[in-house]
Amino acid sequence: MDYFTEEHQILRETVRDFAENELKPRAAELDEKHIFPLEAFKQMGELGFLGAHIPEEYGGAGMDLTSFIIIMEEVSKACGSTAITLAAHTSLCAYPLYRFATEEQKRKYLPPLCSGEKMGAFGLTEAGAGSDAGATKTTAVLEGDYWIINGDKMFCTNGSAADVLVITAKTDPTQPSSYGISSFIIEKEFAGFKPGKDEDKMGLRGSKTSQLFFDNMQVPKENLMGIEGEGFKHFMETLDEGRIVIGVMALGIAEAAFDAAVAYSRQRVAFGKPIARQQTIQGYIADMATQLEAARLLIYEASRKLDQGKRVTKESAMAKLFASEVANFVTDKAIQIHGGYGYSAEYPVERYYRDQKLCEIGEGTSEVQRIVIARSVLGKF
Ligand SMILES: Cc1cc2nc3c(=O)[nH]c(=O)nc-3n(C[C@H](O)[C@H](O)[C@H](O)COP(=O)(O)OP(=O)(O)OC[C@H]3O[C@@H](n4cnc5c(N)ncnc54)[C@H](O)[C@@H]3O)c2cc1C
């Protein structure tokens, strides 16, 4: 099956050119000095990447999801920190706005998000509600013309830098677990909104992962996103798309590690010949290449199905689960192939290893993906 049109191929070349020249040369410094990729974000806005699969009438580029997946793959190959910043902005903020917001909300919020004038984020996770997102404790109570929101969020990518955030809060506390949760569009200027500290992380160190505090935050009545009580449904459907995006982020990082390992194995000499001529190393390279190919197929198949308007809950969970575990394997083997140099920050493979690990955790851990897949296979019994 050929997943790509000529337009997709041209897009890939354009993104690769940008990523190789603008992102890759700075990736190590961003990681080392915790530099947020704001400059790259603005450039990606000008190139139309930020609203890639948002229709043109809302300021987007009007491409399909496969196009955004191609963009994510090439950006991830060059810089993980930039990739997660892009993923959170486009896939977790702009995309659910496009899917679930009212027409008025879309017209107000999407154009500046697509152009990069404003940055977006998505706040779902709380200290006590990660995998168990239905355990949301943040509350929203309607008082006159405002929703009064109280609570806090954890691990929000772009959180402290974002201008516009989609968040969830319990609007009906009488409802159990995942029921009675609604989505809200908030702006950083809203009274009572306070971004907290950014996490010091193992990888993706150029990106921001922030706490958010809502202290009697006043949110205009019209900023309830879509229909009251449908917040859980919103983020479940958002994650169907988002998991393909995290899968391709894992793939891109792993492809970078693979390319580095192949090049190194050709030039590193031990026992009088390049290590690429040792069968054990060849076995590693064969396994890495095979697993990458399988991950690529799962990702682009899930993306193709979503572009056809099909529900992809199982396919996106499979793509993310498989690709993120492949990335763990491939980046580990890439370090092994580099020997001691792989463990040193002089070579990029140790960064790839640290960066990819998030893909087994964010937007649902591997354990959660297995639950989603098993539920799909087994159904109710
Ligand atoms: C860098 C980074 C960026 C992030 N960005 C965002 C963001 O932008 N927005 C956002 O809302 N969140 C974000 N997150 C949060 C992320 O989605 C959560 O961390 C993730 O869903 C796991 O939740 P948790 O950390 O509470 O772990 P827990 O849910 O406490 O899980 C701990 C362990 O228990 C396992 N576990 C839990 N329940 C089960 C079960 N039923 N069966 C088997 N095993 C189980 C988990 O798989 C895991 O291994 C981010 C996290 C990180 C680290």
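Here are some notes:
- Estimated at 0.36 nm per residue, the fully extended path between ALA127 and LEU378 surpasses their Cα-Cα distance by 87.3 nm.
- A straight line joining the Cα centroids of the range 1-65 and the range 84-133 runs 17 Å.
- Scaled radius of gyration (Cα, divided by 2.2 N^0.38 Å) that the range 232-378 gives: 1.16
- In the range 37-138, the C-alpha radius of gyration followed by the widest Cα-Cα span (Dmax) gives 14.1, 39 angstrom.
- For the range 232-378, the solvent-accessible area works out to 44 Å² per residue, with a probe of 1.4 Å and every protein chain left in place.
- Estimated FRET transfer efficiency when R0 is 30 angstrom, pair ASP259-ILE35 (beta carbons, to 0.05): 0.80
- Taking trypsin sites (Lys or Arg not before Pro) across the range 326-381, the ones in a DSSP loop with at most 16 further Cβ atoms lying within 10 angstrom of their Cβ are LYS380.
- Packing-based ranking of 270-277, 69-76, 8-15 yields 69-76, 8-15, 270-277, ordered from highest to lowest mean Cβ neighbour count within 10 Å.
- Label-point gap, in nm, between LEU142 and GLU117 - each point 7 angstrom along Cα→Cβ: 3.1
- Residues in the range 206-243 that a label on TYR3 would reach, taking backbone N under 20 Å of a point 7 Å out along Cα→Cβ: 238-243
- Here the accessible area of the range 3-145 is 48 percent carbon and sulfur, with a 1.4 angstrom probe and all protein chains present.
- Based on Cα contacts under 8 Å between residues 6+ apart, the chain shows a relative contact order of 16 percent.
- Heavy-atom accessible area ranking, 1.4 Å probe, most first, across SER131, SER67: SER131, SER67
- For the pair ALA270 and GLU187, the difference between a 0.36 nm per residue extended length and the Cα-Cα distance amounts to 24.1 nm.
- Probe 1.4 Å, protein heavy atoms only - accessible area per residue of the range 6-118 in square angstrom: 40
- Relative to one another, the C-alpha centroids of the range 307-381 and the range 229-253 are positioned 13 Å apart.
- Estimated FRET transfer efficiency when R0 is 41 angstrom, pair LYS197-THR280 (beta carbons, to 0.05): 0.35
- Accessible area (Å², 1.4 Å probe, nearest 10) - LEU306: 40
- The alpha carbon convex hull volume per residue for the range 113-259 rounds to 126 Å³.
- Those GluC sites (Glu not before Pro) in the range 160-199 that DSSP places in a loop and that have at most 15 other beta carbons within 10 Å: GLU189
- Label-point gap, in nm, between ARG16 and TYR341 - each point 7 angstrom along Cα→Cβ: 2.4
- SER160, SER177, ranked by accessible area, largest first (probe 1.4 Å): SER177, SER160
- Solvent exposure of ARG107, expressed as accessible area, is near 120 Å², computed with a probe of 1.4 Å over the protein chains only.
- Here the accessible area of the range 291-337 is 52 percent carbon and sulfur, with a 1.4 angstrom probe and all protein chains present.
- Of the residues TYR300, TYR343, TYR109, the one that moves most in a GNM of the chain with alpha-carbon contacts below 10 Å is TYR343.
- Under 19 Å from the ILE227 label point (7 Å along Cα→beta-carbon), backbone N, the range 87-117: 96-106
- Most fluctuating residue given options GLY252, GLY196, GLY339, as computed from a GNM of the chain linking Cα atoms under 10 Å: GLY339
- Relative contact order for the range 6-118, counting Cα pairs under 8 Å that sit 6 or more residues apart, in percent: 33
- Highest-fluctuation residue, VAL269, VAL164, VAL330 considered, GNM on the chain with Cα pairs under 10 Å: VAL269
- Volume in Å³ per residue [convex hull over Cα atoms, computed for the chain]: 138
The values are calculated or read from the model by the stated rules, or taken from the named source; none is laboratory data. This is a predicted model, so every value here is computed, not measured. All Cβ positions, glycine included, derive from the backbone under ideal geometry; neighbour counts span all protein chains shown. For the accessible areas, the whole protein counts, side chains as well, though only heavy atoms, and no ligand, DNA or RNA atoms are used. Shrake-Rupley method; radii C 1.70, N 1.55, O 1.52, S 1.80 Å.
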